[in-house]
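The values are calculated or read from the model by the stated rules, or taken from the named source; none is laboratory data. Model, not experiment: these values are computed from the prediction. All Cβ positions, even for glycine, are placed from backbone atoms using ideal geometry, and neighbour counts span all protein chains on display. Protein only, heavy atoms only, side chains kept; ligands, DNA and RNA dropped before computing areas. Shrake-Rupley method; radii C 1.70, N 1.55, O 1.52, S 1.80 Å.
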Amino acid sequence: MAFFQAQEISISFGGLKALDRVSFTVNKGEIFSIIGPNGAGKTTIFNCINRFYDLDEGVFLLDGKNLSSAKTHQIADMGIARTFQNIELFKNMTVLDNLILGRHRKRRSNILTEMFFFKPVQRQEINSREKAEEIIDFLDLEAHRDQLVVNLPYGVQKTVELGRALAMEPTLLLLDEPTSGLNMEESEDLAFWLDDMKEELGITVLMVEHNMRFVKQTTDRVLAIDFGQTIIEGETNEVLNHPDVMRAYLGEENVCNA
Ligand SMILES: Nc1ncnc2c1ncn2[C@@H]1O[C@H](COP(=O)(O)OP(=O)(O)OP(=O)(O)O)[C@@H](O)[C@H]1O
């Protein structure tokens with residue numbers, strides 16, 4: 001069964017139809033990319049999944065469950081985590097503390113449990129710390145563990161943001177332009193981690209990405225859109241080599257060099 005589906009989704013901003021009956025299907029455990037030129041509607045898809053915006057028409061289904069009535073925080077509880085085009089971290093906190101905070105949605109405590117059930121709360125705290133340490137190990141962040149995020153290079157901050165999303169133990173991870181601002185070596189590291197996330201952690205990844213070389217290297221299937229409409233959905237090579245995609249989005253030169 002399809003793991004995640006968009007069915008005929010549409011949304012308008014004033015007179016602008018940002019998404020016009022777009023559908024796509026993401027299978028369990030695959031890395032799926034959405035590509036298209038600036039303003040095509042890619043980030044709007046993510047913002048609708050997160051319920052920052054309400055769809056005018058259509059639905060998203062996660063494991064067959066309709067997300068329409070879920071609120072933003074419930075989307076996270078259902079196992080969907082996200083990174084942003086502009087990094088969103090607590091910049092004056094350490095890497096470790098940002099990762100522990102990423103566990104916040106997994107914790108089940110309130111003021112009463114914190115006051116009267118010290119042991120369970122303490123256990124959650126220990127679990128969060130252990131999970132954060134696992135992620136530090138997984139993403140090679142040991143050297144930066146106790147540094148303030150504000151003092152880290154951009155590429156490392158992006159890795160920490162990825163780590164914070166992983167701290168939620170998502171089943172579906174949304175990555176918005178994960179390679180933007182990364183150098184070649186950092187992009188290679190990211191490709192390696194994506195492969196590990198897929199193979200070792202079984203996470204399904206839905207990614208918006210402009211870097212066609214990276215898409216080609218990492219992605220199982222692709223949706224190409226422009227002006228809020230689908231051009232084609234299919235296997236990565238099939239989509240990247242499609243004449244309409246080459247013409248409309250990438251330019252012949254980029255595809256040849258990819
Ligand atoms: N909140 C909003 N209000 C008005 N228009 C919006 C809003 N959000 C997005 N848009 C418009 O919807 C269209 C799609 O925007 P979106 O950010 O999804 O494009 P994108 O494909 O992610 O582009 P980029 O690659 O540049 O990030 C654009 O024309 C954009 O200006």
Where in region 150-258 are there strands (runs of 3 or more DSSP E), lying fully within it, with 3 or more residues that are in the same structural domain as SER33 (by TED's automatic domain parsing) and farther than 30 Å from THR72 by Cβ? 229-235
Exception for GLY29 within (1) within 12 Å of the ligand (Cβ to nearest atom); (2) assigned to a loop (DSSP other than H, G, I, E, B); (3) not β-branched (Val, Ile, Thr) falls at (1)
I want to confirm something. Restricting to region 77-94 and keeping residues that are open to solvent by 20 Å² or more (accessible area, probe 1.4 Å) and within 17 Å of CYS48 (Cβ to Cβ), which single residue is modelled with the lowest pLDDT? GLN85
Given the residues ASN66, ASN38, ASN86, which is the only one that is without any contact (Cβ under 8 Å) to a residue 12 or more places away in the chain and within 9 Å of the ligand (Cβ to nearest atom)? ASN38
Could you please give the count of residues in region 32-59 that are in a strand (DSSP E or B) and modelled with pLDDT under 95? 0
Looking only at region 1-60, count every residue that is open to solvent by 40 Å² or more (accessible area, probe 1.4 Å) and of a type in the set (Gly, Ala, Ser) and tell me the total. 5
Going through (1) more than 13 Å from the ligand (Cβ to nearest atom); (2) closer than 27 Å to GLY64 by Cα one by one, GLN217 fails only at (2)
Return a yes/no flag: does region 31-41 have any residue that is under 30 Å from GLU142 (Cα atoms), of a type in the set (A, V, I, L, M, F, W, C) and in the same structural domain as ASN211 (by TED's automatic domain parsing). yes
Looking only at region 1-26, filter to residues that are at pLDDT 95 or above and away from the ligand (no atom under 16 Å from the Cβ); which one of those is farthest from ILE45 (Cα to Cα)? PHE3
Scan region 179-202 for residues that are within 15 Å of the chain's Cα centre (by Cα), open to solvent by less than 30 Å² (accessible area, probe 1.4 Å) and without any contact (Cβ under 8 Å) to a residue 40 or more places away in the chain and report the count. 4
ARG145 - would you say it is surrounded by fewer than 16 Cβ atoms within 10 Å (Cβ to Cβ) and touching a helix residue (DSSP H, G or I) at 6+ places or on another chain (Cβ under 6 Å)? yes
